[in-house]
């Protein structure tokens, strides 16, 4: 999670950057959320330890 409490650049609107990041998170079975947080914003990404469709990936 990345958040800040600084001055926001304005209303949150969907854009190519966040859409691209969300798409990449979903490709490995994860999620991405972004929203205003206080005076700043918050971006949170959750990804699994074993990416979707990667049976070779293991955690010891």
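Coordinate-derived values only; no laboratory data. All of these numbers come straight from a predicted model, not from anything done at the bench. Note that each Cβ is placed from the backbone with ideal geometry, even for glycine, and that neighbours are counted across all protein chains shown.
Assorted remarks:
- Virtual spin-label span in nm between residue 46 and residue 33, 7 Å along Cα→Cβ: 0.8
- Between residue 25 and residue 5, full extension at 0.36 nm per residue minus the direct alpha carbon distance yields a gain of 4.8 nm.
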